[in-house]
Amino acid sequence: MSKPNKLIDQQIKYYQARANEYDEWFLRQGRYDRGPDINHRWFKEADEVRGALRSAKPKGSILELACGTGLWTQLLMPFAAQITAVDSSKETIALNKERLKNNRVQYHIANIFNFEPEKKYDFIFFGFWLSHVPPEKFESFWDSIRSYLNPLGRVFFIDSLHAPASAAKDHQYPKKSQTIAKRRLNNGREYEIIKVFYEPEELENKLLDLGWDISVMKTKNYFLFGTGKFR
């Protein structure tokens, strides 16, 4: 097994094991609670990203990759005729189902790099996933996204900026130039995962070279987001 595939396998195991504590990160709980001032900035910037997603006007048949526990699935739901929600963790899928309780969501447990949808979509969303795509698979991943889209379909993604305060207080935060990070669960168990940090202009140019017309923006401290279509 190649090194990227070994890391993908460990990354899948990490998120399976982390399912019941995953929301602590986004909700700033436990090890991720950085105090009222930093937490306030985090939630304010998260609201900015939510507003950008609403402004992108998701519609029709929506594909959500790395759907996780449903924090973003529930935001997409009012706009969707139907959502296909994909994740490699049956544990997070179970939490998503419990949160949404909606038969307009169809769930698939699959390694995202091997996922083969049965149809094309009007809108594709992935939150905090692009940074977990190995650099060696960046182009093929975006080729797959293009093949999943209807001709006028659009993409929206959200991810993390390089910001140590976004991580757990006991986290060994990676350098910006690194593409592998160590992650620790609440019980102390550690895993290695892929973590690639981008800046908007760099990512826009990489996507432009692949034929995408995507505007990439960032909040002040914590989040990067982009939306657009294939030219």
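The values are calculated or read from the model by the stated rules, or taken from the named source; none is laboratory data. Just so you know, these numbers come straight off a predicted model, no measurement behind them. Virtual Cβ from ideal backbone geometry, glycine too; neighbours counted across all protein chains shown.
Of the residues making up the stretch 133-182, those that are touching a Phe, Trp or Tyr at 6+ places or on another chain (Cβ under 8 Å), β-branched (V, I, T) and either farther than 30 Å from F43 by Cβ or not in a loop (DSSP other than H, G, I, E, B) (or both) number 2.
For the stretch 184-197, a residue qualifies if it is farther than 17 Å from L161 by Cα and either in contact with a strand residue (DSSP E or B) (Cβ under 9 Å, 6 or more places away or on another chain) or assigned to a helix (DSSP H, G or I) (or both), and the qualifying residues are R184, L185, E190, Y191, E192. If the condition is being free of Cβ contacts under 8 Å to residues at least 12 places away in the same chain and either assigned to a loop (DSSP other than H, G, I, E, B) or in contact with a strand residue (DSSP E or B) (Cβ under 8 Å, 6 or more places away or on another chain) (or both), then the stretch 12-32 contributes only Q29. Based on this model, can you work out whether I38 counts as surrounded by fewer than 18 Cβ atoms within 10 Å (Cβ to Cβ), of a type in the set (V, I, T), touching a residue at least 40 places away in the same chain (Cβ under 8 Å) and assigned to a helix (DSSP H, G or I)? Yes, satisfied. The one condition from (1) more than 24 Å from K3 (Cα to Cα); (2) out of contact with any strand residue (DSSP E or B) (no Cβ under 9 Å at 6 or more places or on another chain); (3) not polar (S, T, N, Q); (4) not in a helix (DSSP H, G or I) that E116 does not meet is (1).
Within the stretch 74-127, the residues that satisfy the criterion of being over 26 Å from I8 (Cα atoms) and of a type in the set (D, E) are E98, D122. Does any residue of the stretch 49-64 turn out to be surrounded by fewer than 18 Cβ atoms within 10 Å (Cβ to Cβ), touching a residue at least 60 places away in the same chain (Cβ under 8 Å) and charged (D, E, K, R)? Yes: the stretch 49-64 contains one or more residues that are surrounded by fewer than 18 Cβ atoms within 10 Å (Cβ to Cβ), touching a residue at least 60 places away in the same chain (Cβ under 8 Å) and charged (D, E, K, R).
Count of the stretch 55-96 residues, restricted to those that are more than 18 Å from the chain's Cα centre (by Cα) and modelled with pLDDT of 95 or more, is 9. When Q178 is tested against the conditions (1) at pLDDT below 95; (2) within 27 Å of G60 (Cβ to Cβ), the lone failure is (2). Of all residues in the stretch 198-218, count the ones that are part of a loop (DSSP other than H, G, I, E, B) and buried (at least 20 other Cβ atoms within 10 Å of the Cβ). So the answer is 1. If you check L224 against the conditions, is it modelled with pLDDT of 95 or more, buried (at least 18 other Cβ atoms within 10 Å of the Cβ), more than 21 Å from W42 (Cβ to Cβ) and of a type outside the set (D, E, K, R)? Spelling it out, it is not the case that L224 is modelled with pLDDT of 95 or more, buried (at least 18 other Cβ atoms within 10 Å of the Cβ), more than 21 Å from W42 (Cβ to Cβ) and of a type outside the set (D, E, K, R). Restricting attention to the stretch 117-125, does a residue exist that is more than 21 Å from I214 (Cβ to Cβ) and either crowded, with 20+ Cβ neighbours inside 10 Å or modelled with pLDDT under 95 (or both)? Yes; the residues of the stretch 117-125 include at least one that is more than 21 Å from I214 (Cβ to Cβ) and either crowded, with 20+ Cβ neighbours inside 10 Å or modelled with pLDDT under 95 (or both).
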